[in-house]
Amino acid sequence: MLLIPCPWCGDRHETEFRYGGEAHIARPEKPADLSDTEWGDFLFMRTNTKGVFAERWYHSHGCRQWFNVLRHTVSHEILAVYKMGEKRPQLKKTEANS
Amino acid sequence: MSKYSIFTIARNALSHHKNWPRQWRSPEPQKEYDVIIVGGGGHGLATAYYLAKEHGLTNVAVLEKGWLGGGNTARNTTIVRSNYLWDESAAIYEKSLQLWEGLSQDINYNVMLSQRGVLNLAHSLSDVREGVRRVNANRLNGVDAEWLDAEGVKEFCPIINISNKARHPVLGATLQRRGGVARHDSVAWGFARAADACGVDIIQNCEVTGIRREGSKVVGVETTKGFIGAKKVGLVAAGHSSTLAAMADVRLPIDSHPLQALVSEPIKPVIDCVVMSGAVHVYVSQSDKGELVMGAGIDAFNSYGQRGSFQVIEHQLGACLELFPIFSRVRMMRSWGGIVDTCPDASPIIGKTPVEGLYINAGWGTGGFKATPGSGWCFAHTLANENPHPLNAPFSLERFTTGALIDEHGAAGVAH
Ligand SMILES: Cc1cc2nc3c(=O)[nH]c(=O)nc-3n(C[C@H](O)[C@H](O)[C@H](O)COP(=O)(O)OP(=O)(O)OC[C@H]3O[C@@H](n4cnc5c(N)ncnc54)[C@H](O)[C@@H]3O)c2cc1C
Ligand SMILES: [Zn+2]
């Protein structure tokens with residue numbers, strides 16, 4: 001089980017949260033202009049990173065806020081937490097390799 | 001390959017079983033192959049076998065980064081069935097079940113297929129409607145299926161609790177009598193031995209680290225044993241499909257998740273069928289050694305860590321005790337996790353990629369063990385003919401562009 005540091009509530013158990021999958025997939029500004037391939041990419045294609053992964057979590061049994069997390073998908077270590085709309089933080093080399 | 005039979009057992013008994021030959025060779029890689037299969041799980045090995053047997057292609061190598069069956073093949077709960085809802089799925093899973101039924105003879109290896117019947121429980125009115133609909137759809141597709149009411153469920157599986165006081169009472173179940181379980185290691189070993197006997201090179205401890213292209217065409221793979229040339233490459237890497245496809249700049253609609261299973265201490269035979277419940281998230285069968293084999297749902301987050309979370313086990317055991325109060329004092333012995341490759345429509349991808357010569361067989365998620373022979377059979381056809389077989393044509397990567405999804409969440413989302 002993960003201990004997730006909610007930016008509003010602090011450390012809470014994973015069971016209080018819902019997972020939102022890959023972060024930073026912005027809804028296209030002009031959906032009508034997209035080709036089928038671009039639309040399919042937006043809807044379905046995922047990076048599925050092995051390593052440091054930017055993902056969204058929702059504190060559904062707490063403050064009910066969405067936020068972003070950088071987590072390593074092998075060690076499960078949480079390396080950064082940041083708010084929706086913020087840029088993905090740069091990690092120091094050592095952290096990114098952990 | 002020396003044929004296994006009662007006579008070879010008797011003959012080897014005379015020398016105290018010390019002279020059994022190795023089941024497959026351990027060759028060094030050649031410079032080039034007609035086809036390289038990446039991933040030595042059940043699906044990869046089955047593909048290699050059917051390439052040789054059905055299409056006469058024997059200049060084939062299977063590259064496995066670890067040991068055979070170290071992935072999901074030997075981590076799964078071995079449920080085999082074909083009662084999927086949609087026509088496309090029913091066709092491919094039923095083909096697979098038919099291959100299972102002749103597999104031990106075909107590959108001269110006992111895969112211990114035990115068609116003991118699979119129950120899928122219904123706990124609500126909508127479950128009942130969904131179940132009855134599935135039974136009808138299955139029958140229209142020639143897949144054996146029956147609907148049992150609660151009494152019928154109790155008769156088929158006497159230890160189940162059908163009291164209407166349960167939190168999720170059992171209202172009925174679908175039953176596929178031809179469904180059951182098989183021995184997972186045997187599937188990997190049997191296909192490996194049979195493929196090796198046809199001349200396929202099975203190369204273990206050989207991780208693929210890159211996919212080399214010239215122009216838009218694949219020419220081979222970089223591995224921990226050096227570059228190996230190939231006219232065609234088939235990726236069959238289950239949980240690692242996305243990382244391999246990314247080596248050729250192909251994006252997949254796949255997320256990798258942990259999926260857990262656990263077994264109890266061995267007990268006397270108490271349950272002679274497979275019971276699954278999508279609604280309460282648990283399924284149970286009993287192994288030949290007497291262990292209760294249980295599985296549940298995936299962990300929500302993406303992971304390559306091959307381990308799951310405790311709360312998932314807690315959740316599934318709670319559900320299990322509700323259904324089977326008789327298990328309350330059984331101790332669980334081991335639990336483990338595998339990494340499954342889930343697709344948005346809970347159906348696999350078997351076919352071409354945008355890269356010439358690169359083929360993919362992935363996205364079987366939580367339920368691909370039952371598909372092992374059928375998947376290998378279809379993929380071998382696709383590789384040999386450079387075009388999909390009608391059975392796997394609907395399962396193309398393009399469906400995520402055209403929108404022709406095959407939504408099997410009802411049949412595959414939780415159930416395996
Ligand atoms: C706990 C659990 C329970 C399950 N229960 C069921 C069930 O009851 N019924 C059912 O039908 N299905 C079930 N499944 C799903 C089923 O196990 C999988 O869908 C199926 O085994 C996947 O195909 P495979 O056997 O080829 O995969 P794997 O055995 O995982 O084979 C993939 C292989 O690729 C190798 N590989 C990965 N990357 C590389 C690389 N870079 N280079 C070389 N090799 C590489 C891996 O080492 C691995 O051996 C379950 C899965 C799990 C984890
Ligand atoms: Zn919060």
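Worth pointing out:
- Here the protein assembly as shown is treated with +1 on each Lys and Arg Cβ and -1 on each Asp and Glu Cβ, and its dipole about the Cα centre works out to around 1040 debye.
- The residues B:V60, B:V312, sorted by heavy-atom accessible surface at 1.4 Å with ligands and nucleic acids left out, run B:V312, B:V60 from largest to smallest.
- Applying the Karplus relation 6.51 cos²θ - 1.76 cosθ + 1.60 with θ = phi - 60° to the stretch A:68-78 yields 3J(HN,Hα) values of 10, 9, 9, 9, 7, 7, 9, 7, 6, 5, 8 Hz, where x marks Gly and Pro.
- Carbon-plus-sulfur accessible fraction, chain B (probe radius 1.4 Å, protein heavy atoms only): 53%.
- Note on chain B: helix-only mean residue ellipticity at 222 nm, from DSSP H runs of 4+ residues weighted -39500 (n - 2.57) and normalised by residue number, equals -9000 deg cm²/dmol.
- The stretch B:1-94, dipole about Cα centre (Lys/Arg Cβ +1, Asp/Glu Cβ -1), debye to the nearest 20: 680 debye
- Here the stretch B:234-299 and the stretch B:33-112 have alpha carbon centers that stand 16 Å from each other.
- Shape category assigned to the stretch A:1-54 from the gyration tensor of Cα positions, a/c cut at 1.5: prolate
- Taking Lys and Arg as +1 and Asp and Glu as -1, the other residues whose beta-carbon sits under 11 Å from that of B:D196 total +2.
- Three-way shape call for the stretch B:182-230 based on the alpha-carbon gyration tensor, with the a/c threshold at 1.5: prolate
- Restricting the trypsin sites (Lys or Arg not before Pro) of the stretch B:131-204 to loop positions (DSSP other than H, G, I, E, B) with no more than 12 neighbouring Cβ atoms within 10 Å leaves B:K165, B:R167.
- Of all the options B:A230, B:A404, B:A46, the one that moves most in a Gaussian network model of chain B with Cα springs shorter than 10 angstrom is B:A404.
- Zone of B:K268's modelled label, taken as backbone nitrogen in the stretch B:291-334 under 19 Å from a point 7 Å along Cα→Cβ: B:291-293, B:325-331
- Placing unit charges on the Cβ atoms of the charged side chains and taking the dipole of the stretch B:1-107 about its Cα centre, the candidate lying farthest along the positive direction among B:S89, B:L14, B:L99 is B:L14.
- Computed FRET value (nearest 0.05) for B:D149 with B:I326, which takes r as the C-beta separation and R₀ as 25 Å: 0.70
- Solvent-accessible area buried by B and A, counting both chains, probe 1.4 angstrom, square angstrom: 2100 Å²
- Accessible area expressed per residue, the stretch B:47-95, with surrounding protein chains retained (probe 1.4 Å, Å²): 31 Å²
- Heavy-atom accessible area, 1.4 Å probe, ligands and nucleic acids excluded: residues of the stretch B:371-404 down by at least 40 Å² from chain alone: B:F400, B:T401
- Residues of the stretch B:103-124 with amide N under 15 Å of a point placed 7 Å along Cα→Cβ from B:F7: none
- Heavy-atom accessible area, 1.4 Å probe, ligands and nucleic acids excluded: residues of the stretch A:7-36 down by at least 10 Å² from chain alone: A:E14, A:T15, A:Y19, A:D36
- Flagged links, alpha-carbon separation over 23 Å, of B:K231/B:K352; B:K154/B:K268; A:K50/B:K65; B:K53/B:K231: none
- Of the accessible area of chain A, computed with a 1.4 Å probe over protein heavy atoms only, carbon and sulfur atoms account for 48 percent.
- Shielding by partners, peptide A:74-80 (average Cβ within 10 angstrom, other chains): 2
- Cα gyration tensor category, rounded, prolate or oblate, for chain B with a/c compared to 1.5: prolate
- Full extension of the chain between B:N110 and B:K18 yields a length gain of 31.1 nm, computed as 0.36 nm times the residue separation minus the alpha carbon distance.
- Gaussian network model of chain B, Cα within-10 Å springs - most flexible of B:D288, B:D185, B:D299: B:D288
- B:M112 accessible area, assembled protein chains, probe 1.4 Å, Å²: 80 Å²
- Taking every protein chain into account, the accessible area of the stretch B:174-214 amounts to 32 square angstrom per residue (probe 1.4 Å).
- Free of any GluC sites (Glu not before Pro) that DSSP assigns to a loop and that have at most 15 other C-beta atoms within 10 Å, the longest stretch within chain A is A:30-76.
- When nucleic acids and ligands are ignored and a 1.4 Å probe is applied, B:D87 ends up with an accessible area of around 100 Å².
- Residue-level accessible surface for B:S303, protein heavy atoms, 1.4 Å, Å²: 0 Å²
- Sequence-separation-based contact order of the stretch B:23-102, relative, with Cα cut under 8 Å and 6+ spacing, percent: 25 percent
- In chain A, the calculated helix contribution to ellipticity at 222 nm averages -3000 deg cm²/dmol per residue, counting -39,500 (n - 2.57) for every DSSP H run with n ≥ 4.
- Counting DSSP beta bridges with both ends in chain B, the antiparallel % (nearest 5): 70 percent
The values are calculated or read from the model by the stated rules, or taken from the named source; none is laboratory data. A quick note: this is a predicted structure, and the numbers were derived from the prediction, not measured. No Cβ is skipped: glycine too gets one built from the backbone with ideal geometry, and neighbour counts run over all protein chains shown. Only protein heavy atoms, including side chains, enter the accessible area calculation; ligands, DNA and RNA are left aside. Shrake-Rupley method; radii C 1.70, N 1.55, O 1.52, S 1.80 Å.
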